[in-house]
1. Please give every one of the aspartates and glutamates within straight-line cross-link reach of B:Lys186, meaning a C-alpha to C-alpha distance under 20 Å, and leave out same-chain neighbours fewer than 8 residues apart.
2. How far is it, in nm, from the label point at B:Met324 to the one at B:Glu128 when both lie 7 Å from their Cα along the line to the Cβ?
3. What is the dipole size for segment A:121-182, taken about its Cα centre, with +1 at each Lys and Arg Cβ and -1 at each Asp and Glu Cβ, in debye to the nearest 20?
4. Taking neighbour counts of Cβ atoms within 10 Å as a proxy for exposure, in what order, fewest first, do A:Asp225, B:Asp3 appear?
5. With springs only between Cα atoms under 10 Å, which of A:Ala214, A:Ala179, A:Ala257 fluctuates most in a Gaussian network model of chain A?
6. Inter-copy label distances at A:Asn89, 7 Å along the Cα→beta-carbon direction, one decimal in nm, shortest first?
7. Quick one: what do you get for segment B:269-335 if you divide its Cα Rg by 2.2 N^0.38 Å?
8. If you place +1 on the Cβ of every Lys and Arg and -1 on the Cβ of every Asp and Glu, how big does the dipole about the Cα centre of chain A come out, in debye to the nearest 20?
There are 2 protein chains.
Amino acid sequence: MQDVANLAGVSRTTVSFVLNKVESANIPTETQDRVLAAAKELNYRRNALASGLRSQKTHTIGFVSDVIASTPYAGRVVQGAQERAWEENYLLLLVNTGNNQAMKKTAVETLLDRQVDGIIYATMYHREVHPPASIREVPTVLLDCFVADQALPSVVPDEVLGGYTATNYLIQQGHRKIAFICDAVKVPAHVGRLAGYKKALAEAEIPFDADLVAFGVTTQQGGRDLTRKLFAHPDRPTALFCYNDRMAMGAYDALHALNLSIPNDVAVIGFDDQDLIAADLDPGLTTMALPHYDMGSWAVNHLLELISRRQNGTEQASKPKQQMLECPFIKRNSA
Amino acid sequence: MQDVANLAGVSRTTVSFVLNKVESANIPTETQDRVLAAAKELNYRRNALASGLRSQKTHTIGFVSDVIASTPYAGRVVQGAQERAWEENYLLLLVNTGNNQAMKKTAVETLLDRQVDGIIYATMYHREVHPPASIREVPTVLLDCFVADQALPSVVPDEVLGGYTATNYLIQQGHRKIAFICDAVKVPAHVGRLAGYKKALAEAEIPFDADLVAFGVTTQQGGRDLTRKLFAHPDRPTALFCYNDRMAMGAYDALHALNLSIPNDVAVIGFDDQDLIAADLDPGLTTMALPHYDMGSWAVNHLLELISRRQNGTEQASKPKQQMLECPFIKRNSA
DNA sequence: CTAAATTACTAACACGATTTAGTAACACGA
DNA sequence: TCGTGTTACTAAATCGTGTTAGTAATTTAG
């Protein structure tokens, strides 16, 4: 920086003013041009460490997640976050922790050491979490997860709406006997989608029939088994809502084995819009997409707002936002 | 740090010596304990910016990739890299650039601004790249890609060996008429796997038959079409090697439609060991896994070595390593 | 018993920026 | 002519650490 100053015939201070576009410094355009030319000439590159040290801003967001990469969803979340951050000149510092609580703590502390401006704490499926206390030292957004007391802002998929939209679509298509195969574990997706399913039925004044709902494991195998079970009776459902695309894939197998055609004999709708399954099945699977990319980008967006509020001193002690994002309906040919 | 020093009744320098475990400072254990206790007491956290600024080491690796997250593979690469880095107290600074060359340049420069100790430049399928020149300012490893003049170290899957292993396995199972459906585009995977296929045939003295090889698009649809074509004649192949699992998925459809059972009538082998396809198909797909996780971890490992050499001044002007990693053979039930 | 070496520290500079406080020169209005 | 304001800068302090050079006290060697 001193070299640039020398070449431009000004002081280091002036160079800083020009590079940071400090209006109040009243540097005439002519001088600015001289400085900028000198910087380019010398291929000057500002040292972000020094800059961050002095200004107490690193333009860096810590991204902690439990199993960053072991699911295909994960990528889209990171991508959404990264791209939104990039637009605002922020970068992501990545840590994935596995399910080790101690490691989560070290992860957060490591990020705090690095003076990140904020932290995104993400999980790879919608659930409750207990992040380490030190996370509160810095603005934080929870992604695809939440804390029970809602003391931290959070963004998750709107499971109820998703279940409702899927079921309601089937109802609009004229179906009255709609089966639902679901995860046996009572995670938020289970609870929410089931609630949405019931809500749509209620609105259409179709009585809820517990025999049309089956619970099992969320694999292709599980989908196969549950579908076989639900469609064993002669008085069959005409539509099937699957908890996820993997189960839908299994449902396809089971229905084919029963010589039932999709969507003519049975309409099938999935959940997740999973790459390399949903679109590739034959017929293409109609499904609800999870807003992974959007959650990533929303999280960064909200986080940047919190950060700028803290830096302006305009922090409010209002209740942290609990955002739910809509699951887009993806129409293909199975329903 | 000054506070810690005060509480421990020593100078700031001593605190620094203790925290950095500087042997040559000869601090007695007793004093060390006092300092460490004070640090814990005050919940002291070292400022990584200041530390990095002074020591010119950030313990940070820049990770640039073209489409970080849009493929399910990507995650595993990042995971491998991240976990290996974490073990050595390094973190990953993430940027994904899309296919925009200008953006790649800014990405690299942004990382250099941040004083990263090294850069990993990754692509999401094996190919040649032209990274911006400024990348050479810092140790760099190419991941799943390479530069034509081999002037940068690189790690890629061993495509030839992969094709060879798959084909050879089928041969060992007694097959002589082995079909191969392949990507029409001449990417390294196309060239390598085809070469491996031919090599295995040659070794077994099975003449290469061009009619057994078909080229098309690498989707399920493509696999379906090519398989249908290759198995249209009455004199059918008894085994099918697929360029990837998606095509294998299509092959399953086509073979089922022809009433051919897998693996009894036709043995099928895929490539990629793709999550949610390979294991979930029925029968489970025997396939070649891509060493994504290993490439990530190898890249970091090698990069750290380059970094430490540079920092020791023991850099050698030897030819950059071009590493090929084996694709593990995953035995399931389709072959 | 003295010189040299070792122990156990500390003062002060350096890393490369940002930012505050200030100054010299000039313009302008009264 | 004086005082005030504005313009166009700069000197110096600061961010929080790492590191070198040095020092006083103690131990060791001869």
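1. Within the straight-line cut-off, B:Lys186 pairs with B:Asp66, B:Glu128, B:Asp144, B:Asp149, B:Asp158, B:Glu159, B:Asp209, B:Asp211, B:Asp225, B:Asp245, B:Asp272.
2. In this crude spin-label approximation the distance works out to 1.7 nm.
3. Numbers: 4 positive and 6 negative charges, 72 e Å.
So the dipole magnitude of segment A:121-182 works out to roughly 340 debye.
4. Numbers: A:Asp225 19, B:Asp3 14.
Least to most surrounded, the residues fall as B:Asp3, A:Asp225.
5. Checking each option, the largest mean-square fluctuation is seen for A:Ala257.
6. Listed shortest first, these distances are 3.2 nm.
7. Working: Rg = 17.9 Å, N = 67, 2.2 N^0.38 = 10.9 Å.
Ratio of Rg to 2.2 N^0.38 Å for segment B:269-335: 1.64.
8. Numbers: 32 positive and 37 negative charges, 113 e Å.
The calculated dipole for chain A is roughly 540 debye.
Each value in this text was obtained by applying a stated rule to the coordinates, not by laboratory testing. Here the structure is a predicted model, which is why all the values come from computation and not from measurement. Every residue, glycine among them, receives a Cβ derived from its backbone with ideal geometry; neighbour counts consider all protein chains shown.
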